[in-house]
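The values are calculated or read from the model by the stated rules, or taken from the named source; none is laboratory data. Given the structure is predicted, the values throughout are model-derived calculations rather than measurements. Positions of Cβ are generated from backbone atoms using ideal geometry, with glycine treated the same way; all protein chains shown enter the neighbour counts. Just so you know, the surface numbers come from the protein's heavy atoms only, side chains and all, with ligands and any DNA or RNA stripped out. Shrake-Rupley method; radii C 1.70, N 1.55, O 1.52, S 1.80 Å.
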Amino acid sequence: MNLSETKEQYLNTKAQFFLTNEAGEIQESDYTLFAEEELPDTNIFRLHPFFESSLLALSGLNAGESFNMPCIHLKIGPREGIYDLSILKLKSGLVFTLFDFTDHYQYSQSLLQERNESIIHQQLLEAQNKAISLEKEILDMKNEELRRQQGFKDQFLANMSHEIRTPLNAILGFANLLLNTKLTSNQVQYLNAINMSGENLLVIINDILDFSKVAAGKLNINEVQFELSKVFVNLRNNYSIKALQKRLDLRFDIDPEIPDYLVGDPIRLNQILTNLMENAFKFTDHGTIILSARKVQQEYQHVTLEFSVSDTGIGIDSSEQQKIFDSFAQAHDQIHIHYGGTGLGLAIVKKLVGLMQGEIQLESEPGKGATFTFTVVLGIGDNFKPLGESTDIQSPLQKAKKSLKVLLVEDVPVNQLLAEKILDGFGFKVDVASDGKSALEYLQKHSYDLILMDLQMPEMDGYEATKFIRNKIEGPKSEIPIIALTAHAMQGEREQCIKVGMNDYVSKPFDPQQLFEKIQRLV
Amino acid sequence: MSEVSKKVAILGQYGVGKSSLIRQFVYRKFSEKYLTTIGVHVQKKVLDINGTQLAMIIWDLEGDTSVGKVRPSYLMGSSGLIYVFDLSRPHTYADINQEIDLLKSEFPNEPLKIVGNKKDLIHDVDLDQILANMTISCDFITSAKTGEYVDEMFYTLGEDILK
């Protein structure tokens, strides 16, 4: 076989011609690809919808013109394949030429499939990533909004606290001063009522501030060395007179197995115990209140302690027992009517216990009293006295032998008067400046042993004045001890004061004795 | 009863579900498996449109990134066009305005349906967002998988062709 014959044989098996009249009736064909007997119709336009729709395109062609259609999938009779088509219009008929490229197109299809799948996968991945980054943006915006709202809330609470504490400082301070003057028994009784109401109001403000810190996750537990026995001594001092007045039997029971020195937050522990003791006193009119502590477990450097406060008071129905740990909840409405309170105390106690890795439980029966039991995990301290602790058992007031010269910086006249009177009572000499700017003038002209500095003041506030004293004034006056005396009591306030160079911090309303102790320590 | 034959071409990028829409419309079938179309597949379905038998011959064209790349001979003699995009792949409708402008300028007298497919993959909220961000109005939102709005889309095109 020569080359021409080989070529002809190869092409013959791949191509077929149909010669039809204008109506599509097949006149002649070589029937190479589609055998005559396998064709379902003698009219080409009825062999496949492709030809039927080609008829529509043919109307625009003149004799001698043709058009080509590559890569057409056709199934005619039993035969199926992918063909290139050419249609030539004659004067009196049509010539259809089909080329079978099935093998070639099937190979191309597999390559195209692979390419398209890869691109689609990539595009879907990009769309997913875009959606994720969009979601992240939305989340960031929501978080920002939450932070902004929290900021407003914090600012509101700080302002509210400050505005209430400022007049309360005067009420409690002057009531205390009055108690030290000559009074009738009725007047003493009335002043005690004013004092007690003021103290109650202070507890409510502190509860609300603590609760907002808990809600914002900003309440921290400190880790300092302390003696549990001292916490109990303080509680005994605070509640002995109250027990006497209510004619209640008050007992303290501390397990001797508890290590002398512990590491934890004595202030928050005292807050929990005080809260439970206040509740016990509030709801008990006859019988006994017992505060006890025992060691449950000791491991390496940690000890688990269990505290309980039990009373013989009115008790709580079992259906109300879980509810009382919820925020703003009290056992029932009558409790609020008869006993007052915000319903925040136990919610805060529960959070504080949780922060100390413990749990709190209540056992109670109506009419038979209640027992609150909670556990806390504390570190075990070293067996020596904590640094800076005084071993002097004398009252600090007894130690006031030196008359100090104090500059009081305070803008509210009633608070000026109160602080002046109290400092006067300590035997100190006092100058009063009504803002930071005037304080600097006083300091230039005179020498002082100490400055008591309010924070929020017109012209120049306490922070600015302190910064000026520490950084701009030269010589020993720049090192003068400064104690912040402020109605700002929000978390972080103390740290802020220390940061700008103050030595200590006392929040209003203040306990004169506490202020005196701090002055003693510094001067 | 008279029968009218009309050619309809279905276009759009690869993988948007053109073949699946035809398969659902003609055979009531759907397959999750993606099979790339090469060249042209031609299917036919006779529709009864207000008493007229319309033989809709649907040319399922190989998907490409642009309408401009489609072989002109494939579109010769068509009476209606369908442009499909994939709602779940923004790439397939990023340049839809230019694509539609091109089709309208080449075939100004042919009814054209713009179809967002694969609704079953999109949440309603996201769908609203996609449609709101498009500057072109979509004629049908379909799902070749569930058949949602597939018949409506082809029948509406048929009606427009016969008008």
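Where residues in region A:320-365 are among the polar types (S, T, N, Q) and modelled with pLDDT of 80 or more, which of them is nearest to A:Thr274 (Cα to Cα)?
First pass over region A:320-365, keeping only residues among the polar types (S, T, N, Q): A:321-322, A:327, A:330, A:334, A:342, A:357, A:361, A:364.
The next check asks that each one be modelled with pLDDT of 80 or more; those that pass are A:357, A:361, A:364.
Numbers: A:Gln357: 19, A:Gln361: 16, A:Ser364: 19 Å.
Out of the qualifying residues, it is A:Gln361.
Exactly one of these conditions fails for A:Gly198: (1) buried (at least 19 other Cβ atoms within 10 Å of the Cβ); (2) farther than 30 Å from A:His302 by Cα; (3) modelled with pLDDT of 85 or more. Give me its number.
Checking A:Gly198 against (1) buried (at least 19 other Cβ atoms within 10 Å of the Cβ); (2) farther than 30 Å from A:His302 by Cα; (3) modelled with pLDDT of 85 or more, the one that fails is (3).
When B:Ser2 is evaluated against the numbered criteria (1) away from chain A (no Cβ under 14 Å); (2) open to solvent by less than 60 Å² (accessible area, probe 1.4 Å), which criterion, by number, is the only one it fails?
Just one mismatch for B:Ser2, condition (2).
So how many residues does region A:119-133 have that are polar (S, T, N, Q) and open to solvent by less than 80 Å² (accessible area, probe 1.4 Å)?
So the count comes out to 2.
Checking the structure you have, find out if any residue of region A:212-235 is open to solvent by less than 70 Å² (accessible area, probe 1.4 Å), out of contact with any Cys (no Cβ under 9 Å at 6 or more places or on another chain), of a type in the set (Lys, Arg) and closer than 19 Å to A:Arg165 by Cβ.
Within region A:212-235 (the criterion being open to solvent by less than 70 Å² (accessible area, probe 1.4 Å), out of contact with any Cys (no Cβ under 9 Å at 6 or more places or on another chain), of a type in the set (Lys, Arg) and closer than 19 Å to A:Arg165 by Cβ), the answer is yes, since at least one residue qualifies.
A:Glu137 fails exactly one of the following numbered conditions: (1) within 30 Å of A:Met490 (Cβ to Cβ); (2) acidic (Asp, Glu); (3) loosely packed, with under 13 Cβ neighbours inside 10 Å; (4) under 24 Å from the mean Cα position of the chain (by Cα). What is the number of that condition?
Evaluating A:Glu137 over (1) within 30 Å of A:Met490 (Cβ to Cβ); (2) acidic (Asp, Glu); (3) loosely packed, with under 13 Cβ neighbours inside 10 Å; (4) under 24 Å from the mean Cα position of the chain (by Cα) leaves (1) as the failure.
Given (1) small (Gly, Ala, Ser); (2) open to solvent by 20 Å² or more (accessible area, probe 1.4 Å); (3) within 20 Å of A:Tyr505 (Cβ to Cβ), where does A:Gly436 come up short, assuming only one miss?
(2)
With a cut-off of at least 2 residues that are within 26 Å of A:Ile205 (Cα to Cα), name the strands (runs of 3 or more DSSP E) lying wholly within region A:407-523.
The qualifying strands (runs of 3 or more DSSP E) are A:450-453, A:482-486, A:504-507.
Please tell me if A:His121 is more than 7 Å from chain B (Cβ to nearest Cβ) and within 60 Å of the chain's Cα centre (by Cα).
yes
At pLDDT 95 or above and among the aromatic types (Phe, Trp, Tyr): which single residue out of B:Tyr34, B:Tyr83 fits that description?
B:Tyr83
Going through region A:89-118 one residue at a time, which ones are aromatic (Phe, Trp, Tyr), more than 11 Å from chain B (Cβ to nearest Cβ) and open to solvent by 70 Å² or more (accessible area, probe 1.4 Å)?
Selection gives A:Phe99 alone.
Across region B:48-66, which residue is nearest to B:Met153 (Cα to Cα) among those that are surrounded by fewer than 20 Cβ atoms within 10 Å (Cβ to Cβ) and of a type in the set (A, V, I, L, M, F, W, C)?
Here the residue is B:Ile49.
Quick one: which residue in B:Lys69, B:Lys45 is open to solvent by 10 Å² or more (accessible area, probe 1.4 Å), at pLDDT 95 or above and more than 9 Å from chain A (Cβ to nearest Cβ)?
Details: B:Lys69 fails: at pLDDT 95 or above.
Only one candidate passes the filter, namely B:Lys45.
Quick check on this structure: which one of A:Phe17, A:Phe50, A:Phe67 is away from chain B (no Cβ under 14 Å) and among the aromatic types (Phe, Trp, Tyr)?
A:Phe17
Mind counting the residues in region A:156-214 that are touching a His at 6+ places or on another chain (Cβ under 9 Å) and hydroxyl-bearing (Ser, Thr, Tyr)?
1
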